[in-house]
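Chemist: Before I ask anything, here is the structure I am working with.
The values are calculated or read from the model by the stated rules, or taken from the named source; none is laboratory data. Every value quoted in this text rests on a predicted model; they were computed, and no experiment measured them. Note that each Cβ is placed from the backbone with ideal geometry, even for glycine, and that neighbours are counted across all protein chains shown.
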C-alpha cells in the first residue's frame, strides 16, 4: 500500500516498471495511490474504503526529511529538505552546508533523487568546503556524475539495476550491487567479502 502513484519515484520509467514487475512476480499485490486509514487485529482499512484481511502488517517508512528543517527558517525545496547551491551551501547563507537527505540539490532542471550514490560524493566536497570557508578560500562546486548505478533488491538473489539507459534484472544485478556495497563499506571497516555475496 503506497500513497504515491508508483513505488519508485524520481527514476526512469523503464526502471520503475521493472521494479514493480519483479515485486509482482514475487506474488506481492501493489495498492498504489491510497493510504492506510486504520487497522485492527486482522484487518486494514484503506483511504478508498477498501477493507483487507491482514494478520501480519509491515510498515516501511521510506525517506522522510526531519521535520525540524521546515521550522528553522532556512529555505526548503520540494521534499522539505534545505535548498543548496552548487557549493552545497544552504541558499541565502554563506556558512551553512547541507548534504544527502537534508539537501535538495537542483542540477539543471531536475532535483537529484535522495540516494546514497549522490550523498557519498557530496560528503567530501562539503568537508573540503567547510575547511575552505574557515580559511577564506574559494569553494569547490559539487558536480553530480552524468549517470549513476542504481540497484534495488526485490527478492532473494534478484535485483533490478539501472546505469544510464540500460536497465536489467536478476542475479547479475544482485552481484554488482553487493560488490559495490562491499567496495564502499570496506573503506569504513574491515569486512569479509563473503558477508556481502550470497
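Chemist: I'm trying to understand the selection: among the residues of the stretch 107-127, which are without any contact (Cβ under 8 Å) to a residue 24 or more places away in the chain, part of a helix (DSSP H, G or I) and over 10 Å from the mean Cα position of the chain (by Cα)?
Modeler: Matches in the stretch 107-127: 124, 127.
Chemist: For the stretch 42-77, name all the residues that are assigned to a loop (DSSP other than H, G, I, E, B) and without any contact (Cβ under 8 Å) to a residue 12 or more places away in the chain.
Modeler: Residues of the stretch 42-77 that are assigned to a loop (DSSP other than H, G, I, E, B), as a first pass: 42, 47-50, 54-66, 72-75, 77.
49, 56, 58, 59, 60, 61, 62, 64, 72, 73, listed by residue number.
Chemist: Let me spell it out: the conditions are (1) more than 17 Å from residue 3 (Cα to Cα); (2) not in a strand (DSSP E or B), and residue 104 meets all of them except one. Which number is the exception?
Modeler: Unmet condition: (2).
Chemist: Among strands (runs of 3 or more DSSP E) lying entirely in the stretch 144-186, which contain 3 or more residues that are within 21 Å of residue 10 (Cβ to Cβ) and touching a strand residue (DSSP E or B) at 6+ places or on another chain (Cβ under 6 Å)?
Modeler: 149-155, 158-163
Chemist: Just a yes or no: is a residue in the stretch 128-135 assigned to a loop (DSSP other than H, G, I, E, B) and surrounded by 14 or more Cβ atoms within 10 Å (Cβ to Cβ)?
Modeler: Within the stretch 128-135 (the criterion being assigned to a loop (DSSP other than H, G, I, E, B) and surrounded by 14 or more Cβ atoms within 10 Å (Cβ to Cβ)), the answer is no, since none of the residues qualifies.
Chemist: Just give me the residues in the stretch 142-198 being at pLDDT below 90, more than 22 Å from residue 18 (Cα to Cα) and in contact with a helix residue (DSSP H, G or I) (Cβ under 6 Å, 6 or more places away or on another chain), in sequence order.
Modeler: Within the stretch 142-198, 182, 191, 193, 196, 197 meet the criteria.
Chemist: Would you pick out the residues in the stretch 78-101 that are outside any loop (DSSP other than H, G, I, E, B), touching a strand residue (DSSP E or B) at 6+ places or on another chain (Cβ under 7 Å) and within 18 Å of residue 124 (Cβ to Cβ)?
Modeler: Scanning the stretch 78-101 gives 84, 89, 97.
Chemist: While we're looking at this one, here's another question. Condition (residue is closer than 21 Å to residue 143 by Cβ, in contact with a helix residue (DSSP H, G or I) (Cβ under 9 Å, 6 or more places away or on another chain) and not assigned by TED's automatic domain parsing to the domain that holds residue 157) applied to the stretch 59-67: is it met by at least one residue? If you could, list the steps in order and put the result at the bottom.
Modeler: Within the stretch 59-67, the subset closer than 21 Å to residue 143 by Cβ is none.
Scanning the stretch 59-67, I find no residue that is closer than 21 Å to residue 143 by Cβ, in contact with a helix residue (DSSP H, G or I) (Cβ under 9 Å, 6 or more places away or on another chain) and not assigned by TED's automatic domain parsing to the domain that holds residue 157, so the answer is no.
Chemist: Another question, then. Which members of the stretch 15-54 meet the condition of being surrounded by 13 or more Cβ atoms within 10 Å (Cβ to Cβ), touching a strand residue (DSSP E or B) at 6+ places or on another chain (Cβ under 7 Å) and under 19 Å from residue 158 (Cα atoms)?
Modeler: Matches in the stretch 15-54: 15, 18, 19, 22, 23.
Chemist: In the stretch 10-40, what residues are in contact (Cβ under 8 Å) with a residue 12 or more places away in the chain and either in the same structural domain as residue 156 (by TED's automatic domain parsing) or in a loop (DSSP other than H, G, I, E, B) (or both)?
Modeler: Listed by number, the residues that qualify are 10, 11, 12, 26, 30, 31, 33, 34, 35.
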